[in-house]
1. Give the calculated FRET efficiency between residue 62 and residue 393 to the nearest 0.05, with a Förster radius of 45 Å applied to their Cβ-Cβ distance.
2. Can you give me the % of accessible surface on the chain that is carbon or sulfur? Probe 1.4 Å, all protein chains present, nothing else counted.
3. Mind pulling the angle between the C-alpha long axis of helix 317-337 and the longest principal axis of the chain? Nearest 10 degrees, somewhere in 0 to 90.
4. When the chain is modelled as a GNM with alpha-carbon springs shorter than 10 Å, which of 179, 124, 115 fluctuates the most?
5. With an 8 Å Cα cut-off and a minimum separation of 6 or more residues, compute the relative contact order for the range 314-394 in percent.
6. Considering only C-alpha atoms, what is the centroid distance from the range 342-376 to the range 240-317, in Å?
7. From Cα pairs below 8 angstrom and at least 6 apart in sequence, can you work out the relative contact order of the chain, rounded to a whole percent?
8. Counting other Cβ atoms within 10 Å, which GluC sites (Glu not before Pro) in the range 155-242 have at most 16 and lie in a DSSP loop?
Amino acid sequence: MFKLSRFLRQWPKAAAIGTLGLLLQTPAHAEEPIKIGLVAALSGQSAKSGEALTRGLSVAIDELNAAGGILGRPVELIRRDDESNPAKGMLAARELIQREKVTVLFGGLDTPVSLAIVPLANQLKVPFMGVWAAGTGITRNGAKDNYVFRVSAVDELVDEALVDYGVKQQGMQKPGMILVNNPWGESNEAGFRAALEKRGMPYAGIERIEDSDLDVVPQLTRLKRAGADALLMVGNVGPSAQVVKSLDRMGWDVPVISHWGPAGGRFSELAGPNASRVHFIQTYVFGEQNSAKGDAVMAALKQRYPEIKSLADVTPAVGIANAYDGMHLAALAIEKAGSVKGSEVRDGFYAIEQYDGLIKPYRKPFSPGQHDALGPDDYLFTQFVDGQIVPLQP
């Protein structure tokens, strides 16, 4: 009886010591993870690009976690499929921000989806990092309190680069525009008009294409009759492939200078043997010879994704590279902030001094007046060859 009563008196102290011992033995990674969200097309014709974004983020997160995480906490990626639908993208973004409490939201492929998410991110004060969609208004959205950043192309700059390439490399004098009928197409129409007006150059006409189009011969015929000597094209995989097949049916051999929509999925398969006629812009391409970081990322990709056997298996590399650099920049912003509070992380992006990324060395990539980390000097022109995206020779 005496022994039992003495044990009962000592039990709270013993239990406390035992509990403290368990806490001391708990690994650091038992800390609550820092959640990173991704809203992108993970199904449909652009699923390959959504997978590229996932891979770029995942490799970067693996590196961060191996180095101790961010602020000593592990990093976790949570994805949602927007099916290239703005309404679904906005709902997915709201769920990730409000229910999952992500610290940074990454946005995927489609400008209309990203434009739908922008007001929500600014309203809820959660940094939104664009790593594919190029619509100028995504980052230049007019918000006084702007939480949207980007490691990707910008339509206004891309359009200038496309026109410059057409004039210098293709001898273009009177282009026709064939543009997807959505806000992305509208954004590029404005950019093309500005680039052509600056040069005093006429254009043959502007035609619209739909994601559902199976034949664009009528639109192309009107541009041909109007004297187009090159096509400036903006569209994702499906409509871009239909342009190539329609040109084949017409027998019209005309240069096609494109935004990077064809890189977003099964373009070479859908467009057929003449997919290589399309010259399109990118921000990064893996090759046989890469930087040390490029080789390291490629090795990490092959280790994490055994299905990657060759360079063709990392198409589109631009999605991997943009997402990889974007994730490391976001990690630096969180570290600079010293917290996961949205407004402080937003200011953390402005505090980044430098980061030697996969695409380039970044030096003061963001400021209150500059939310795009990439510019025209970071673009290169490419084409599909045997299912692989390869750089065009200057």
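The values are calculated or read from the model by the stated rules, or taken from the named source; none is laboratory data. Bear in mind the structure is a predicted one, so any value in this text is a computation, not a measurement. Positions of Cβ are backbone-derived with ideal geometry, glycine not excepted, and every protein chain shown enters the neighbour counts. Note: accessible area is taken over every heavy atom of the protein model, side chains too, but ligands, DNA and RNA are not part of it. Shrake-Rupley method; radii C 1.70, N 1.55, O 1.52, S 1.80 Å.
1. Working: r = 35 Å, r/R0 = 0.77.
Calculated transfer efficiency: 0.85.
2. On the way: 8920 of 17010 Å².
Whole-percent figure for carbon plus sulfur exposure: 52.
3. The helix 317-337 is inclined about 40 degrees to the chain.
4. Highest fluctuation among the options: 124.
5. On the way: 86 pairs, mean separation 16.1, N = 81.
In percent, rounded to a whole number, it is 20.
6. For the range 342-376 versus the range 240-317, the Cα centre distance is 27 Å.
7. Numbers: 769 pairs, mean separation 66.5, N = 394.
Relative contact order, the chain: 17 percent.
8. Working: sites: 156, 160, 186, 189, 197, 207, 210; in loops: 210.
Sites meeting the loop and neighbour criteria: 210.
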